[in-house]
Amino acid sequence: MNHINPNYHDLITCRDLVEAVTAYLEGALSPDERTRVAAHLAVCAQCVAYVEEMETTIRVAGRLRDRAIATGTEQALLRLFHDWRQDRPVG
Ligand SMILES: [Zn+2]
């Protein structure tokens with residue numbers, strides 16, 4: 001899509017939006033593409049719902065990454081705790 005059409009009545013389709021949504025949420029679209037996506041979202045409630053769903057998915061995926069880091073820390077702490085117990089005299 002290299003030709004720039006300033007006439008936004010020539011809107012992108014839902015399919016175009018679905019293909020562009022990741023780049024849109026990452027801010028990776030050109031200003032022209034962003035305008036087209038925004039223009040489509042202004043008239044298509046279905047795609048607004050889809051973008052919101054994608055935003056939630058990306059946010060949840062980010063949280064899962066944080067949890068994975070936290071789990072690694074927890075395992076390190078458990079290992080320290082285990083070593084500490086072994087150092088103590090038994091009985
Ligand atoms: Zn749509």
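The values are calculated or read from the model by the stated rules, or taken from the named source; none is laboratory data. These numbers come from a predicted model, not from an experiment. So basically every Cβ, Gly included, is an ideal-geometry build from the backbone, and we count neighbours across all protein chains shown.
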Filter result (of a type in the set (Ser, Thr, Tyr) and at pLDDT 95 or above) within segment 46-78: TYR50
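Listed here are the residues, each with its yes/no results for (1) aliphatic (A, V, I, L, M); (2) away from the ligand (no atom under 12 Å from the Cβ); (3) at pLDDT 90 or above.
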site: HIS9; (1), (2), (3): no, yes, no
site: ALA28; (1), (2), (3): yes, yes, yes
site: ARG34; (1), (2), (3): no, yes, yes
site: ALA39; (1), (2), (3): yes, no, yes
site: CYS44; (1), (2), (3): no, no, yes
